[in-house]
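**Student:** What follows is a structure written as structure tokens; I'll ask about it next.
The values are calculated or read from the model by the stated rules, or taken from the named source; none is laboratory data. Bear in mind that the values here come from a model prediction, so they are computed numbers and not experimental data. Every residue, glycine among them, receives a Cβ derived from its backbone with ideal geometry; neighbour counts consider all protein chains shown. The area values use the complete protein model at the heavy-atom level, side chains included, leaving out ligands, DNA and RNA. Shrake-Rupley method; radii C 1.70, N 1.55, O 1.52, S 1.80 Å.
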Amino acid sequence: MLFKDLVEKLGQSVKSSSETPDLEISGVSAVLDSKPNTLTYSESLKFAKQLRETQAAAVILPANEELLAIAKERGLAWIVVANPRYAFAQAIALFYQPYKPAATIHPSAIIDPSAQIGQNVAIGAHVVIEANVTIGNDVVIHPGVVIYPDVIIGDRTVLHANCVIHERAQIGADCVIHAGAVIGSEGFGFVPTREGWLKMEQSGCTVLEDGVEVGCNSSIDRPSVGETRIGRNTKIDNCVQVGHGVKTGEACAFAAQVGIAGGSVLGNRVILAGQVGVGNESRMGDGSVASAKTGVHASVAAGQTVSGYPAVDHRIFLRSSAVYSHLSEMYKAIKQIQKRLGMDTDS
Amino acid sequence: MLFKDLVEKLGQSVKSSSETPDLEISGVSAVLDSKPNTLTYSESLKFAKQLRETQAAAVILPANEELLAIAKERGLAWIVVANPRYAFAQAIALFYQPYKPAATIHPSAIIDPSAQIGQNVAIGAHVVIEANVTIGNDVVIHPGVVIYPDVIIGDRTVLHANCVIHERAQIGADCVIHAGAVIGSEGFGFVPTREGWLKMEQSGCTVLEDGVEVGCNSSIDRPSVGETRIGRNTKIDNCVQVGHGVKTGEACAFAAQVGIAGGSVLGNRVILAGQVGVGNESRMGDGSVASAKTGVHASVAAGQTVSGYPAVDHRIFLRSSAVYSHLSEMYKAIKQIQKRLGMDTDS
Amino acid sequence: MLFKDLVEKLGQSVKSSSETPDLEISGVSAVLDSKPNTLTYSESLKFAKQLRETQAAAVILPANEELLAIAKERGLAWIVVANPRYAFAQAIALFYQPYKPAATIHPSAIIDPSAQIGQNVAIGAHVVIEANVTIGNDVVIHPGVVIYPDVIIGDRTVLHANCVIHERAQIGADCVIHAGAVIGSEGFGFVPTREGWLKMEQSGCTVLEDGVEVGCNSSIDRPSVGETRIGRNTKIDNCVQVGHGVKTGEACAFAAQVGIAGGSVLGNRVILAGQVGVGNESRMGDGSVASAKTGVHASVAAGQTVSGYPAVDHRIFLRSSAVYSHLSEMYKAIKQIQKRLGMDTDS
């Protein structure tokens, strides 16, 4: 693709330039492992060094004079945009077609006669679809997927290999369920008894609204009654656990290994970084953020960023954790002061 | 079902009342998302607000005057019991029949001729059962399950879709293995060498005693020699990792994303909350508890509750974590005091 | 096997002795759950008690006089070596043959005609191999594995049941991918927009070099451009998440439930203990170590051991965490001192 055509297709670009007329761009590559004749991108000055060494022919940049100067010095074609990552995502889509199997039903798939299958659906080898399942149009089901009874799958949704969809789950349109994920599994509901644990049957269901993604080997449990609900366009990474009865708003993002315990309610655009834990029945307001490894209890206000365990406001966490390394000397200093003042050092 | 019949079936109820004679209850629902004509429950005053707004027709309550007053005010039928969750679990079981496939063997299942299959067993599509496997009576094996050689599965156990049972594992009666779980996988046993890592073959096996549940995408490793053993009625949530050679007592409960490292020994009724880690060769006594995200090292006494990382007694953790937000001001105060006293502020 | 033959086969032994001439060793067992006539091992004085009670007939020991005295007292045959775990790993391999299916292709496997399959390959029931996949010689593919198009699998690699290998992944020779693991899945790449999240297509691939092991239900994502690369002989435990574009050196070891965020670069022989998190774009030098539950940000020097969150040098962590339990009394002491000195207790 010609550089100038590429620029045109990105649309949103502010300005661009190429020293080579009719520069041909053959693909996209990372600024770190760049390949000749490709387009790369650099989000910030953090990547200045890589930009100085890149073998790429063109680069997408933010409006940063220093980065632009490097690009010019190196003779790179450049595109300056407000959001380089966004533009680069668009550029990848110009060169890369994700793998999509043909819309055929493999003869080894076992489909219950009561299942309703939409138009133009791909069903891979060894897929199992149980009774009363409804599959929308243009759905892609990769090999080895198992769908329990009474499930509904919306249009254009993709189920990757060996994922499992449990009974009564409702998955919206344009969702992606990654390999090994389990949707609508039984919530962890046991009542302590003298003999051990009484199982509370999980009669509810899990609902994923449109545009939800669930990562590899993640699980979204169903509750004893009612529903677990993941809001529209929420994106969930790998090895995430969402407990029974959790409700999330729209466009949340949960990084890998996040765990959300039963009954928690999250607003819109809540972001949980890697390995965050959210305790039972917690509340997180719209746009709140928990940084990596945070343990959220009780409630987080809309727009607040929290960190640490138990979670505190992120600014307080930064101040306190900066002092953490000095705890031992603080302890000794207090003892010395107490001694100097003739105070009881045990109190 | 008539409310009065429902009350009778719960048996344990202390007292109950309904303003409507012959009130008909059509099902169960959550107090938050309640439906008309259903039975719900409220465990504590925490749910008073929901009780004021519920659309349910009847409610199970603890012996709490305030909740009871709300129920009476709202004209709800009510049941007061010692343990509302227990009674609600019983009520769910009166209305809900969990999905259970018919006791047939799907023709696409691949079963080694040497395997012994009990009476009344359901084996789903695309299941694979290898040599010398023994399956008890009334077992349910959902589609896509793979059972390696020499495995024993006890009566009435349920294996959910796409779980994997490794060679020599012994699974007791009345167990549930959820989708994607892996039982008896190789322990992470490598000996450091100059060249890298020497693999220690994992010749042992994993034993789950009767009534054990293992959540989705959890794994219970086998050891190099001897066995990993999960005690009777222990319940394990999703994405939990149990290392090689771990032994647990009876009726333990491990919440999601718990990790227990190799060789640890846990007593009876040990409770590990979400994302807890238990270090190698740790010991936890009967009835001990680790709160969410705790990192257990060394040993925890019977009955003790621990928190934090490294784990300390929970009461100490509460006191210390309450002060955590003040660390920065404490640091400054010490410096000021030292200055005032003419002490060296570096010590 | 005769004890004296066993000693000879271990080779590296320093010295050994048996009171019984022609002592027959029937197998290996754990020192804790030992069986008669077996060989066990004891790494350190920590296991002295078990050694006093073991039913084993012979024991591998380090050069420790106290342990040796116990063995002699008990009349056990003994072998003293520099590295008892190493010698015991060798001994297990003398008695135990891991399960390996026959090198046949099961008729239920679905293999695209364009796939190239090497010599002496075992392909289990219900395996799916898509277009343009290349499988080396002596590879073992257990039942239920799904391999997407354009994957390369090296010689002697073992793929356990129900694991999934995504498009374009390259897996070296002598690798082991455990049950339920997912290799080459889409990185979690979304660009925030006003409407929610724009998906960044993940056009890159995941490369595992020779001798890599990946544990059950772990996932190694591929990046938007370029590659995720796991260095030679790196061993990865269960439920580990490796993000898009991560690069690791050789012979690293990552314990269970570790998460490594996108773009991080790790040197050779980096060790991450259980539940460690490594933040985006972090750097860890050769031989660095993060202890359990550590949260690594920014960079860790070669050879350094870090702990805590945010990570600090391990020695500082030990000192600070030792004081953690005293935080509340420290706080009160500061207030008392301020009061005594007539200082403002709010500062």
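**Student:** Residues in the stretch C:123-155 that are of a type in the set (A, V, I, L, M, F, W, C), open to solvent by 10 Å² or more (accessible area, probe 1.4 Å) and at the interface with another protein chain (Cβ under 10 Å from one of its Cβ atoms): how many?
**Tutor:** Of the stretch C:123-155, the ones of a type in the set (A, V, I, L, M, F, W, C) are C:123, C:125, C:127-129, C:131, C:133, C:135, C:139-141, C:145-147, C:151-153.
Then drop every residue that is not open to solvent by 10 Å² or more (accessible area, probe 1.4 Å), which leaves C:131, C:152.
Right, trim to at the interface with another protein chain (Cβ under 10 Å from one of its Cβ atoms) and you get C:131.
Qualifying residue count, the stretch C:123-155: 1.
**Student:** Right, next: Do the conditions hold for B:GLU186, that is, is it at pLDDT 95 or above, open to solvent by 10 Å² or more (accessible area, probe 1.4 Å), in the same structural domain as B:ASP210 (by TED's automatic domain parsing) and not basic (Lys, Arg)? So that I can check it myself, show each step before the final result.
**Tutor:** On the way: at pLDDT 95 or above: yes; open to solvent by 10 Å² or more (accessible area, probe 1.4 Å): yes; in the same structural domain as B:ASP210 (by TED's automatic domain parsing): yes; not basic (Lys, Arg): yes.
For B:GLU186, the condition - at pLDDT 95 or above, open to solvent by 10 Å² or more (accessible area, probe 1.4 Å), in the same structural domain as B:ASP210 (by TED's automatic domain parsing) and not basic (Lys, Arg) - is met.
**Student:** Related question: B:ALA103 versus (1) open to solvent by 20 Å² or more (accessible area, probe 1.4 Å); (2) at the interface with chain A (Cβ under 9 Å from one of its Cβ atoms); (3) touching a residue at least 24 places away in the same chain (Cβ under 8 Å): which is the lone unmet condition?
**Tutor:** Going through the list (1) open to solvent by 20 Å² or more (accessible area, probe 1.4 Å); (2) at the interface with chain A (Cβ under 9 Å from one of its Cβ atoms); (3) touching a residue at least 24 places away in the same chain (Cβ under 8 Å), B:ALA103 breaks only (2).
**Student:** Got at least one residue in the stretch A:284-295 being more than 24 Å from C:GLY277 (Cβ to Cβ) and away from chain C (no Cβ under 14 Å)?
**Tutor:** Taking the stretch A:284-295 first, the residues more than 24 Å from C:GLY277 (Cβ to Cβ) are A:285-286.
Now drop any that are not away from chain C (no Cβ under 14 Å), which leaves A:285.
There is at least one residue in the stretch A:284-295 that is more than 24 Å from C:GLY277 (Cβ to Cβ) and away from chain C (no Cβ under 14 Å).
**Student:** Do you know which residues across the stretch B:203-229 are over 30 Å from C:SER26 (Cβ atoms) and in a loop (DSSP other than H, G, I, E, B)? Can you show your working first?
**Tutor:** Narrowing the stretch B:203-229 to residues over 30 Å from C:SER26 (Cβ atoms): B:210-219.
Selection gives B:ASP210, B:GLY211, B:VAL212, B:GLY215, B:CYS216, B:ASN217, B:SER218.
**Student:** How many residues are charged (D, E, K, R) and in contact (Cβ under 8 Å) with a residue 60 or more places away in the chain if we restrict to the stretch B:224-262?
**Tutor:** Of the residues in the stretch B:224-262, the ones charged (D, E, K, R) are B:227, B:229, B:232, B:235, B:237, B:247, B:250.
In the following step, the residues that additionally are in contact (Cβ under 8 Å) with a residue 60 or more places away in the chain were identified as B:232.
Residues in the stretch B:224-262 being charged (D, E, K, R) and in contact (Cβ under 8 Å) with a residue 60 or more places away in the chain: 1 in total.
**Student:** Turning to a different aspect of this structure: Go through the stretch C:263-292 residue by residue and tally those that are open to solvent by 10 Å² or more (accessible area, probe 1.4 Å) and in a loop (DSSP other than H, G, I, E, B).
**Tutor:** 15
**Student:** With respect to A:ALA131, determine if the residue is of a type outside the set (Ser, Thr, Tyr) and either within 16 Å of B:ALA179 (Cβ to Cβ) or in contact with a strand residue (DSSP E or B) (Cβ under 6 Å, 6 or more places away or on another chain) (or both). Steps first, answer last, please.
**Tutor:** On the way: of a type outside the set (Ser, Thr, Tyr): yes; either within 16 Å of B:ALA179 (Cβ to Cβ) or in contact with a strand residue (DSSP E or B) (Cβ under 6 Å, 6 or more places away or on another chain) (or both): no.
Answer is no for this residue.
**Student:** Could you tell me which residue of the stretch C:14-49 is least open to solvent (accessible area, probe 1.4 Å), considering only residues that are more than 20 Å from B:CYS205 (Cβ to Cβ) and within 27 Å of the chain's Cα centre (by Cα)?
**Tutor:** Start the filter on the stretch C:14-49 by keeping residues that are more than 20 Å from B:CYS205 (Cβ to Cβ), which leaves C:14-25, C:42-49.
Subset that is within 27 Å of the chain's Cα centre (by Cα): C:42-47.
Values: C:SER42: 1, C:GLU43: 81, C:SER44: 42, C:LEU45: 75, C:LYS46: 140, C:PHE47: 37 Å².
Here the residue is C:SER42.
**Student:** Same structure, new question: Considering A:ASN268, A:ASN238, which residue is at pLDDT 95 or above, under 30 Å from B:SER218 (Cβ atoms) and in the same structural domain as A:HIS160 (by TED's automatic domain parsing)?
**Tutor:** Every option except A:ASN238 fails the conditions.
**Student:** One residue is enough: does the stretch C:330-341 have a residue meeting the conditions buried (at least 22 other Cβ atoms within 10 Å of the Cβ) and charged (D, E, K, R)?
**Tutor:** no
**Student:** Could I ask something else about it? Mind listing just one residue for me: the one in the stretch A:311-342 that is more than 28 Å from C:HIS297 (Cβ to Cβ) and not in a helix (DSSP H, G or I) and, of those, nearest to the other protein chains (Cβ to nearest Cβ)?
**Tutor:** A:LEU341
**Student:** Can you give me the number of residues within the stretch A:1-13 that are within 20 Å of A:ASN83 (Cα to Cα) and open to solvent by 40 Å² or more (accessible area, probe 1.4 Å)?
**Tutor:** Counting residues in the stretch A:1-13 that are within 20 Å of A:ASN83 (Cα to Cα) and open to solvent by 40 Å² or more (accessible area, probe 1.4 Å) gives 6.
**Student:** Can you name the residue in the stretch A:157-171 that is within 17 Å of A:THR234 (Cβ to Cβ) and open to solvent by 10 Å² or more (accessible area, probe 1.4 Å) and, of all such residues, is nearest to the other protein chains (Cβ to nearest Cβ)?
**Tutor:** Out of the qualifying residues, it is A:VAL158.
**Student:** Within the stretch B:225-243, which residues are away from chain C (no Cβ under 13 Å) and polar (S, T, N, Q)?
**Tutor:** B:ASN233, B:THR234, listed by residue number.
**Student:** Same structure again: Restricted to the stretch B:191-219, and to residues that are of a type in the set (A, V, I, L, M) and under 17 Å from B:THR157 (Cα atoms), which residue is farthest from the other protein chains (Cβ to nearest Cβ)? Steps first, answer last, please.
**Tutor:** Of all residues in the stretch B:191-219, those of a type in the set (A, V, I, L, M) come to B:191, B:198, B:200, B:207-208, B:212, B:214.
Narrowing the set further to residues that are under 17 Å from B:THR157 (Cα atoms) leaves B:207-208, B:212, B:214.
On the way: B:VAL207: 11, B:LEU208: 14, B:VAL212: 10, B:VAL214: 11 Å.
Ranking the candidates gives B:LEU208 first.
So that you can scan it fast, the table gives a plain yes or no per residue for (1) within 24 Å of A:THR234 (Cβ to Cβ); (2) not charged (D, E, K, R):
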site: C:GLU201; (1), (2): yes, no
site: C:CYS205; (1), (2): no, yes
site: C:LEU208; (1), (2): no, yes
site: C:SER218; (1), (2): yes, yes
site: C:CYS239; (1), (2): yes, yes
site: C:VAL258; (1), (2): no, yes
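**Student:** Given the criterion within 14 Å of chain C (Cβ to nearest Cβ) and under 22 Å from C:GLY262 (Cα atoms), identify the matching residue among A:GLY249, A:GLY259. If you could, list the steps in order and put the result at the bottom.
**Tutor:** Details: A:GLY249 fails: under 22 Å from C:GLY262 (Cα atoms).
Exactly one residue qualifies, and that residue is A:GLY259.
**Student:** Please go through (1) facing another protein chain (nearest Cβ under 10 Å); (2) surrounded by fewer than 18 Cβ atoms within 10 Å (Cβ to Cβ) for B:GLY308 and return the number of the only condition it doesn't satisfy.
**Tutor:** Unmet condition: (2).
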